[in-house]
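Notes to accompany the following structure.
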Amino acid sequence: MVARLLSVARPPRLLGRGSDVAQVAREVLAFLGPECRQRGITTRIEPDEAPLHVVLDADHMFQVVFNLCLNAAQAQPHGGEITVRLRKLDARKAALEVEDRGPGVPPGVAEHIFEAFFTSRGDRGGTGLGLAIVEGLVREAGGSVELVAPGHGAHGSHGGACFRLTLPRGAAAPLGARGAEALA
């Protein structure tokens, strides 16, 4: 896990190795497990079945999913739920949604949410870089990210926030491509 976190400082190599999104989501939720349990947050992945590969490498995919899930956890300090939803859109595109049941994103904040150094947390922490990094990595990989208004997610309106990523699908990474240190 430490090797994976340190890898975000390496020069980016976003394409060519691909990643299994379900596997990365499981790793992120396991990593955030203690934080979620402390806050009374349940987590789930839908569907968590056959591998879904995208062109974004596993290290950068981890960073993307981690930032979205951490934001979702921080939006629910007194309990809630984080759902990571995976879908094959067609032969060339895949979607990933991270949805929470927090207070949602106010309209004045939503229009600036992907800007670097913009944060709505004020003195409660936050650098304003998480979503800007997510947007940059996804865009560089040929995808897009959007904040989906409550009521437009897959399960209807219940408040909260839902971020939807669309990424080009990719082939499975060769077994040795990530290196032994990344698998540790």
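The values are calculated or read from the model by the stated rules, or taken from the named source; none is laboratory data. Please read all numbers here as calculations on a predicted model, not as lab measurements. Cβ placement follows ideal geometry from the backbone for every residue including glycine, while neighbour counts extend to all protein chains displayed.
Which residues, counting only those in segment 129-146, are assigned to a loop (DSSP other than H, G, I, E, B) and either small (G, A, S) or crowded, with 17+ Cβ neighbours inside 10 Å (or both)? Lay out the reasoning, then the answer.
First, the residues of segment 129-146 that are assigned to a loop (DSSP other than H, G, I, E, B): 129, 141-143.
Selection gives A141, G142, G143.
Would you confirm whether or not segment 109-125 contains a residue that is surrounded by fewer than 16 Cβ atoms within 10 Å (Cβ to Cβ), modelled with pLDDT of 90 or more and not polar (S, T, N, Q)?
For segment 109-125, residues surrounded by fewer than 16 Cβ atoms within 10 Å (Cβ to Cβ), modelled with pLDDT of 90 or more and not polar (S, T, N, Q): absent.
Looking at the structure I just gave you, is E97 at pLDDT 90 or above, in contact with a strand residue (DSSP E or B) (Cβ under 9 Å, 6 or more places away or on another chain) and surrounded by 18 or more Cβ atoms within 10 Å (Cβ to Cβ)?
Numbers: at pLDDT 90 or above: yes; in contact with a strand residue (DSSP E or B) (Cβ under 9 Å, 6 or more places away or on another chain): yes; surrounded by 18 or more Cβ atoms within 10 Å (Cβ to Cβ): yes.
Yes.
Do we find a residue being among the polar types (S, T, N, Q), in contact (Cβ under 8 Å) with a residue 24 or more places away in the chain and under 22 Å from I133 (Cβ atoms) anywhere in segment 43-60? Please lay out each step first, then the result.
Filtering segment 43-60 for residues among the polar types (S, T, N, Q) gives 43.
Add one more test, that the residue is in contact (Cβ under 8 Å) with a residue 24 or more places away in the chain, and what stays is 43.
Next, from what is left, pick out any that are under 22 Å from I133 (Cβ atoms): 43.
Yes, segment 43-60 has at least one match.
How do the helices (runs of 4 or more DSSP H) wholly within segment 33-114 filter down when requiring 1 or more residues that are touching an Asp or Glu at 6+ places or on another chain (Cβ under 9 Å) and within 15 Å of G159 (Cβ to Cβ): which remain? Break it down stepwise before answering.
Numbers: elements: 33-39, 58-74, 107-110.
Hits in segment 33-114: 58-74.
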